[in-house]
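Engineer: Submitted below is the structure of interest, expressed as structure tokens.
Read-outs: derived from the displayed coordinates by stated rules, not from any lab. Note that the structure is a prediction, hence the values are computed from the model and not measured. Note that we place each Cβ from the backbone using ideal geometry, even for glycine, and neighbour counts take in every protein chain shown.
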Amino acid sequence: MIALAGTIGAGKTSLTGLLADHLNSQAFYESVDDNKILPLFYKDPKKYGFLLQIYFLNRRLDEIKDSFGNDLNVLDRSIFEDALLFRLNADMGRATETESDIYSSLLHNMMEELPEQPHQKAPNLLITIQVSFETMLERIKKRGRSYEQLSNDPSLYNYYKNLNERYKDWYRQYDASPKMLIDGDKYDFVEDPEAAKQVLKMIDQKLVELGLK
């Protein structure tokens, strides 16, 4: 499969739809609007952080298995990002070290249990969208989910800033599969159709290089 990665508001959902339509493949979206745990997490991260990560892990494993049918199916988030997100919560006191260690161990063990199929467990291509902190905040404000807004919880500012910074290091260290980076500030594919065409062209070129297209 092709997996997208990037911080909150990077444009993963938008690019997933564009790319799946372009490749005539299937899109798999992260469960957000029907996620009853997510708003509770923003209200009380220490209480609900571990439960939220287990929820996402369960859903993402299902998506990975469902996507095995086509190498060009697109997932709007990579399972490899989840440990990064939970590690940040632990470092900021929003989860415990024990919970973070248990989650990382569980993730590793569950990935080992995935069926081999004729496919690899890592994506055929990881596409990371990188945006500036300013763009991240603008996108979060624009999409209007109340529990994400700084106006409702100013403490989220440090969480968002740390998250955006850590994604840069995470991408540099990621080596589970081929990868490519999209500059979401330079190519505003969310708002600009011409930028979207350029991004799709770059992805096509990468897929050709990998023998996937």
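Engineer: Mean residue ellipticity at 222 nm from the helices of the chain, using -39,500 (n - 2.57) per DSSP H segment of n ≥ 4 over the full residue count, to the nearest 500 deg cm²/dmol? All intermediate terms of the calculation are to be shown ahead of the outcome.
Structural biologist: On the way: 8 runs with 114 residues, N = 213.
So the helix-based figure for the chain works out to -17500 deg cm²/dmol.
Engineer: What FRET efficiency would be calculated for the residue pair LEU51, GLN149, taking the C-beta separation as r and a Förster radius of 25 Å, to the nearest 0.05?
Structural biologist: Calculated value: 0.65.
Engineer: Also, quick follow-up: Does the range 171-213 come out rounded, prolate or oblate, given a ≥ b ≥ c as the square roots of the eigenvalues of its C-alpha gyration tensor, rounded meaning a/c under 1.5 and, failing that, prolate meaning a/b above b/c?
Structural biologist: Note, shape of the range 171-213 comes out oblate.
Engineer: Continuing with the same structure: If the only charges are +1 at each Lys and Arg Cβ and -1 at each Asp and Glu Cβ, what is the size of the charge dipole of the range 135-174 around the Cα centre, to the nearest 20 debye? Each step should come with its number before you reach the end.
Structural biologist: Numbers: 9 positive and 5 negative charges, 35 e Å.
Computed charge dipole of the range 135-174: roughly 160 debye.
Engineer: Which entries of LYS43/LYS186; LYS47/LYS179; LYS12/LYS161; LYS36/LYS161; LYS141/LYS186; LYS65/LYS197 show an alpha-carbon separation above 27 angstrom in the structure shown?
Structural biologist: The answer is LYS43/LYS186; LYS47/LYS179; LYS65/LYS197.
Engineer: Considering only LEU181, PHE41, PRO193, whose Cα is most displaced toward the positive end of the charge dipole of the range 2-209, charges sitting on Cβ of Lys, Arg (+1) and Asp, Glu (-1)?
Structural biologist: Working it through, the farthest residue towards the positive pole turns out to be PHE41.
Engineer: Rank these for me by crowding, THR98, THR128, going from fewest to most other beta carbons within 10 Å.
Structural biologist: On the way: THR98 10, THR128 23.
Fewest-to-most Cβ neighbours within 10 Å comes out as THR98, THR128.
Engineer: Using a simple spin-label model with points 7 Å from Cα along the Cα→Cβ vector, what separation in nm is obtained for ASP101 and LYS142?
Structural biologist: Here the answer is 4.3 nm between the modelled labels.
Engineer: Could you work out the pair-distance distribution P(r) of the range 2-209 from its alpha-carbon pairs, with 5 angstrom bin width and percents rounded to whole numbers?
Structural biologist: P(r) for the range 2-209, in whole percents per bin: 1, 7, 15, 19, 22, 17, 12, 6, 2, 0.
Engineer: Using unit Cβ charges (K, R positive; D, E negative) and no other charged atoms, how large, in debye to the nearest 20, is the dipole of the range 27-123 about its Cα centre?
Structural biologist: Dipole about the Cα centre, nearest 20: 360 debye.
Engineer: Could you size up the charge dipole of the chain around its Cα centre, putting +1 on the beta carbon of Lys and Arg and -1 on that of Asp and Glu, and report it in debye to the nearest 20? Working shown, then result.
Structural biologist: Values: 27 positive and 34 negative charges, 68 e Å.
For this selection, approximately 320 debye.
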